1. Among the residues of the stretch 144-152, is any at pLDDT 95 or above, in a loop (DSSP other than H, G, I, E, B), surrounded by fewer than 19 Cβ atoms within 10 Å (Cβ to Cβ) and polar (S, T, N, Q)?
2. What pairs come up if the first residue lies in the stretch 99-110 and is touching a residue at least 24 places away in the same chain (Cβ under 8 Å) and under 18 Å from LEU65 (Cβ atoms), the second is hydrophobic (A, V, I, L, M, F, W, C) and assigned to a loop (DSSP other than H, G, I, E, B), and their beta carbons are under 8 Å apart, counting only those six or more places apart or on different chains?
3. If you go through the stretch 153-187, how many residues are acidic (Asp, Glu) and outside any loop (DSSP other than H, G, I, E, B)?
4. Checking LEU187 against (1) under 27 Å from ALA86 (Cα atoms); (2) touching a His at 6+ places or on another chain (Cβ under 7 Å), which single condition isn't satisfied?
5. For the stretch 118-132, state whether one or more residues are in a loop (DSSP other than H, G, I, E, B), of a type in the set (D, E, K, R) and surrounded by 14 or more Cβ atoms within 10 Å (Cβ to Cβ).
6. Condition first: surrounded by fewer than 22 Cβ atoms within 10 Å (Cβ to Cβ), more than 20 Å from ALA220 (Cβ to Cβ) and of a type in the set (S, T, N, Q). Can you find one or more residues in the stretch 41-55 that meet it?
7. Under 8 Å between Cβ atoms, at least 6 apart or on separate chains: pull out the pairs that start in the stretch 45-63 with a residue that is at positive phi and end on any residue that is in a loop (DSSP other than H, G, I, E, B) and hydroxyl-bearing (Ser, Thr, Tyr).
Amino acid sequence: MSDPARPNDSVHLNGSAPLGTPLPPADLGEAFRQRGLGASSGFGVRPAVIVVDFSLGFTDPASPLGAPADAPYDDALLATRTLLDAMRLRELPVAFTTVSYPDGPHEAAHFLAKVPSLALLRDGSRWAQLDPRLGARPAEPVWIKRFASAFFGPPLHEWLRAQRADTLIVCGATTSGCVRATVVDGLQHGYRVIVPRSCVADRAESPHQASLFDMNAKYADVLSLEDVLAQLPSPDPAAAPPTSPTPLETP
């Protein structure tokens, strides 16, 4: 006897294919929308940006944690810098995280057992430093975290409340790892969450695209950078213009 709580395999998502049948991406998105997933939560009044783990340990292809040499994170970094400069011009809040670990015992030992290459990210090491192309400013917080989500450890929620932010724009790496964890926690902390598609990156295309699709279906609005910039408030005409991105230092 079939379980009445589960849809039967003969039930069609889009009028043509039963459940379990692989669908092209466009059809899959439409199938999700027909089932009430993937609506837009939109922007609130005051956005803030968190840049997750765009440190040299992830952005420099010489790092085992970094992007492959044939698909570097350069485009995502430059897109993120464009967004950061737009936020700074409008005096909107910006913050960063980086992952690093002490030499002695620490609370993330099981995480490092799962991902041994994380041991490269030692407190104070070059690999734990932010990529200089982000142009981080002294007044912008840079928090060290030991786990995936930027909400676990760093005082991100408290900072967002102090900044009166109601919308969290998430950039960084990796899309399927720390970005996704931060997005889910952002929603669970009561924020509208936005992911600019060109401002996040991953080591491989399949988990990157799958995570973007799934986040847009359930946890965030995944938008183009142009759409995100268009939603920002108008800048103060008296604000100082942003500086140019800094080239990546030689390893």
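The values are calculated or read from the model by the stated rules, or taken from the named source; none is laboratory data. Owing to the predicted nature of the structure, the values given are computational and were not obtained by experimental measurement. Using ideal geometry, Cβ is built from the backbone for each residue, glycine included, and neighbour counts are taken over all protein chains shown.
1. No, there is no match, as no residue in the stretch 144-152 is at pLDDT 95 or above, in a loop (DSSP other than H, G, I, E, B), surrounded by fewer than 19 Cβ atoms within 10 Å (Cβ to Cβ) and polar (S, T, N, Q).
2. Within 8 Å, the pairs are VAL99/LEU121; SER100/LEU121; TYR101/ALA108; TYR101/LEU121; ALA108/PHE147.
3. 2
4. LEU187 satisfies every listed condition except (2).
5. The answer is yes; a qualifying residue exists.
6. no
7. Listed by first residue and then by second, the contacts come to ASP53/THR174.
Conditions (1) modelled with pLDDT under 95; (2) in a loop (DSSP other than H, G, I, E, B); (3) more than 20 Å from ALA136 (Cβ to Cβ); (4) not charged (D, E, K, R), marked per residue:
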position	(1), (2), (3), (4)
VAL193	no, no, yes, yes
SER206	yes, no, yes, yes
GLN209	yes, no, yes, yes
PHE213	yes, no, yes, yes
VAL228	no, no, no, yes
